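The structure under discussion appears below in the form of structure tokens.
The values are calculated or read from the model by the stated rules, or taken from the named source; none is laboratory data. In this text the structure is predicted, and so the values were computed from the model without any measurement. So basically every Cβ, Gly included, is an ideal-geometry build from the backbone, and we count neighbours across all protein chains shown.
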Amino acid sequence: MSKKVAVFVWNHFTNDARVMRECMALQKAGYEVDLIAIHDPKQSDLPYQEAPANRFTVYRVKAGYPTFLKPIIRLLKYIKQHIWCLALISGLFLSLLLFFPLPMLLISISASFLCLRKVQILLRRSFLILRMIRRGLAGGYDMYHANDLNTLPQAVICAKVFHKKKLIYDSHEVQTSRTGYNHPIYGISEKFFLHFTDVCIHENDTRAAYIEKKYHFYPKVVHNYPNKVYPEEQQAIDLHALLAIPSTEPILLYQGGVQIGRGLDKLVEAAPYFERGVVVIIGDGRMKEALQKQVVDAMLADKIKFLPKVPLQDLLSYTKNAYLGFQVLNNVCFNHYSASSNKLFEYIMSGIPVIGSDFPEIRKIVLGEEVGIVVDSHDPMAIAAAVNKLLANPELREKYSENCYRAREIYNWEQEKAHFLEIYKEVEDGHDKE
């Protein structure tokens, strides 16, 4: 009888390549996999339940408030809409007592607004977590798999509080040093919940060494390599025609999240110094609007083009158009400094030379396999110099491209998944983390 695995993710599971690869590997190895994700109310056509493959089901839990809480939420929204009035009254009252009218008024308004906002966020997340736990307790699972820290509490409660089952913690990021996760509570909670896990997985050796120094054990390493494919044999999406770029201009590609710390602002600053080519940025994210404004303000609309994120299954059909690909993370946290993200290997899979940050894991691949150039990603002129070097040396670019084709036979999921499945076998056999 096949083992049942509950896999938790804190996203809508519409574009999570790593988790999809792991779930499909488990499914093909004979496990029955249920993935518990979050439904997106903005996507009306997104199903609450679907089956990507036999023995692999995705359950998306409702993200909104329960029915009995809706009157309270409406009241909170009403108070929030009229908070300036309530704060004004309380602020004026305090001002009369303390004789500091303006500061007390501003403090009162700010405190009232923040308090209500935090209450709403806390309520929404609490009920979302409860729904995930309820789903996780409903399937009679043999093992639980938490992807990242924000699903680890749910998995611990299901696996260790209500049941006595095996628990795998698969951390895709450095939870204690990443953008947006600066509060000490993340380190405190991770250290606490790690006591309940049977094995911890991290993405590369640099991050594993960091965990060993912090928590005194060396986690398992499963690299974030893509599936081995041959994009040169597939139909390409013509980016030149799609974006009205002259066919003589090379495509200089960035694909991935448009987020703070990805070096995209430095890329925009570097673009005027590129001797040829048009930068194409494929992806979405919080800073996309600001980045587009930066491009317009710099009068670079003909030099830098944007596309929204594309489905995973179509991405490499876009990638294969590029002359080179950018992986220019900035050193804003250890999570970025230690990264060897999926896009690096997607470029390699497509035979696209890489201009990458001079960080340990990126340097190891780019220079070790001779597939591109590493640069100081904080220096726009260094980025421009690397781009111009490849533009001026098509023979060098071709050498790097050929090396990419060789490297993709090493850095692919078909090679890595054997190690991933071996970890599962060790957990089943009772070999806990060191």
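Out of Asp205, Asp170, Asp142, I need the residue that is of a type in the set (Asp, Glu) and crowded, with 21+ Cβ neighbours inside 10 Å. Which one?
On the way: Asp205 fails: crowded, with 21+ Cβ neighbours inside 10 Å; Asp142 fails: crowded, with 21+ Cβ neighbours inside 10 Å.
None of the others qualify; the one that does is Asp170.
Of the candidates Arg406, Arg363, the single residue that is surrounded by fewer than 21 Cβ atoms within 10 Å (Cβ to Cβ) and closer than 24 Å to Gln175 by Cα is Arg363.
Say we look at the stretch 312-338 and pick out the residues that are touching a strand residue (DSSP E or B) at 6+ places or on another chain (Cβ under 8 Å) and assigned to a loop (DSSP other than H, G, I, E, B); which of these is modelled with the lowest pLDDT? Residue satisfying both the conditions and the ranking: Asn321. Does Val354 qualify as being modelled with pLDDT of 95 or more and among the β-branched types (Val, Ile, Thr)? It is true that Val354 is modelled with pLDDT of 95 or more and among the β-branched types (Val, Ile, Thr). Cβ separations smaller than 6 Å between residues 6+ apart or across chains give the following pairs from the stretch 303-323 residues that are among the basic types (Lys, Arg) to residues that are crowded, with 18+ Cβ neighbours inside 10 Å and part of a helix (DSSP H, G or I): Lys303/Ala271; Lys320/Pro231. Restricted to the stretch 216-228, and to residues there that are buried (at least 16 other Cβ atoms within 10 Å of the Cβ) and either touching a Leu at 6+ places or on another chain (Cβ under 7 Å) or not polar (S, T, N, Q) (or both), the residue that is nearest to Lys320 (Cα to Cα) is Pro226. Can you spot a residue in the stretch 348-362 that is in a helix (DSSP H, G or I), more than 30 Å from Tyr215 (Cα to Cα) and not polar (S, T, N, Q)? Yes, the stretch 348-362 has at least one match.
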